[in-house]
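None of the figures in this text is laboratory data; all of them are computed from the coordinates on show. Here the structure is a predicted model, which is why all the values come from computation and not from measurement. Here the Cβ positions follow ideal geometry from the backbone for every residue, glycine too, while neighbour counts run over all protein chains shown.
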Amino acid sequence: MTKRIRLGAAIAVAGLLATATACTGQPSGTPGFAGRHPSAERGANGAGSGGAEGAGGFTLLASGDILPHSSIIDRAAADAGGRGYDFRPMLKGAAPLVSGADLAICHMETVYGQEGGPYTGYPLFKSPPEVAAALRSTGFDSCSTASNHSLDDGAQGIGRTLDALDRAGVAHAGTARSAEEAAQPTLLRAGKEKNAARVAHLAYTYGTNGLPLPTGRTWAVDLIDRGRIVADARAARKAGADVVVVSLHWGTEWQDAPDDVQTGLGRELTASRTGERPDIDLILGTHAHVPQAYEKANGTWIVYGMGDQVAGAMKNHDGVQDPRANESSMARFTFTPPAKPGERWAVSKAEFIPQWFDPASGRIVPLGPESLASAGEDGGRLEGIRDRIHRAVLSRGAGQDGLAAGG
């Protein structure tokens with residue numbers, strides 16, 4: 001795993017599923033980092049130059065919302081056999097791909113409750129902090145934490161969540177415990193090499209379900225604002241980021257197609273440049289509960305919505321149980337270093353990986369060719385789920401720009 005680097009100073013981070021309503025409006029030893037090491041180095045020619053000297057390419061994988069409804073919490077308790085909560089079995093299906101990436105990013109939509117509970121699902125989520133250890137065990141390096149549920153338990157919920165992620169060795173972006181923490185970008189190493197690429201991870205949400213920011217802590221949750229995002233991206237580049245990744249909790253729930261706000265903001269952000277270099281290299285979207293399209297805009301990939309990676313069965317706004325809530329894609333991009341320092345790291349390969357969360361078993365089910373071939377009589381149903389994800393992801397012509405199904 002990676003550690004969090006703030007402006008060059010390394011900070012150690014060390015009856016089964018009941019239908020849920022929609023979400024509307026173990027670390028081992030010293031916190032390990034799977035051979036990935038923090039570094040206080042800046043760009044090859046000083047802060048902001050970009051292009052780590054001699055660095056090779058890397059793969060970045062991202063996944064959708066981790067949304068522990070009450071049914072998910074119950075399943076984790078059952079999987080722990082009466083000894084707390086174990087979320088590792090439900091994530092196991094994704095672990096080979098997640099741990100196989102040089103850098104893996106998740107979206108932790110909910111905040112954590114205090115040790116021992118109580119824990120709650122919708123509408124005000126408080127998840128067991130054991131989620132953090134499971135994310136690390138699965139292979140995640142960083143998680144966006146800005147969402148419409150970031151303030152479900154006030155500032156103390158944010159604090160508990162970030163503390164637990166730190167203990168597990170998972171970096172985070174989008175919420176903060178102090179003004180100083182909020183002011184600095186999350187910088188990650190995309191690989192174990194000393195000269196591995198530096199990736200900035202920034203995260204923002206459209207809102208917090210009407211809950212006000214804590215008094216005197218307007219910095220606690222990063223809210224979507226085009227000017228703010230661009231300024232933060234430029235600051236991250238000056239801090240030494242070779243690649244700037246922005247996670248956005250946005251969009252309209254249950255809508256397959258990205259809405260006008262998503263497409264408009266996405267184009268504005270990808271058009272922002274400093275000199276000849278784009279300020280943002282990748283946008284990762286969450287929130288809508290359903291898989292949405294990928295699109296290349298102004299030469300930059302936008303993932304409008306990956307869907308929910310882990311969530312209970314849900315009803316949509318029409319009160320109908322909607323199976324799309326358990327369908328998602330993981331995004332995987334291969335970045336190649338520039339020929340000259342200061343130029344852009346290019347995406348040489350763009351992939352999406354369909355997956356399904358089975359609400360009956362509480363497990364992630366891969367939907368690649370090998371998994372489907374071994375699915376037996378259930379293969380036809382899984383193929384239908386895979387095909388529906390494919391249609392959504394490719395609905396805005398991303399295939400023509402080189403996006404392909406991976407596995």
Legend entry - Helix-derived mean residue ellipticity, 222 nm - over the chain, DSSP H n ≥ 4, -39500 (n - 2.57), to 500: -6500 deg cm²/dmol
Inset, instruction - Would you mind telling me the antiparallel percentage of the DSSP bridges in the chain, rounded to 5? - result: 50 percent
Inset, instruction - Can you figure out the FRET efficiency of residue 156 with residue 318, using R₀ = 45 Å and their beta-carbon distance, to the nearest 0.05? - result: 0.80
Inset, instruction - Can you tell me the FRET efficiency between residue 92 and residue 276 if r is taken as the Cβ-Cβ distance and R0 is 45 Å, rounded to the nearest 0.05? - result: 0.55
Inset, instruction - Could you estimate the translational diffusion coefficient of the chain from the Stokes-Einstein equation, with Rh from the Kirkwood formula over C-alpha pairs, at 25 °C and 0.890 mPa s, in whole µm²/s? - result: 118 µm²/s
Legend entry - Calculated SAXS-style log₁₀ I(q)/I(0) at q = 0.12, 0.21, 0.23 Å⁻¹ - the stretch 97-166, Debye, Cα scatterers: -0.30, -0.83, -0.95
Inset, instruction - Run the quick spin-label model on residue 217 and residue 261: label points 7 Å from Cα toward the beta carbon, then report their separation in nm to one decimal. - result: 2.4 nm
Legend entry - Rule-of-thumb Rg ratio for the stretch 201-298 [Cα; 2.2 N^0.38 Å; N residues]: 1.12
Legend entry - Cα-projected label distance for residue 178 with residue 70, points at 7 Å along beta-carbon direction, nm: 3.9 nm
Legend entry - Relative contact order for the stretch 304-376, counting Cα pairs under 8 Å that sit 6 or more residues apart, in percent: 26 percent
Inset, instruction - At 0.36 nm per residue, minus the direct Cα-Cα distance, what do residue 381 and residue 268 gain on full extension? Give it in nm, one decimal, please. - result: 36.8 nm
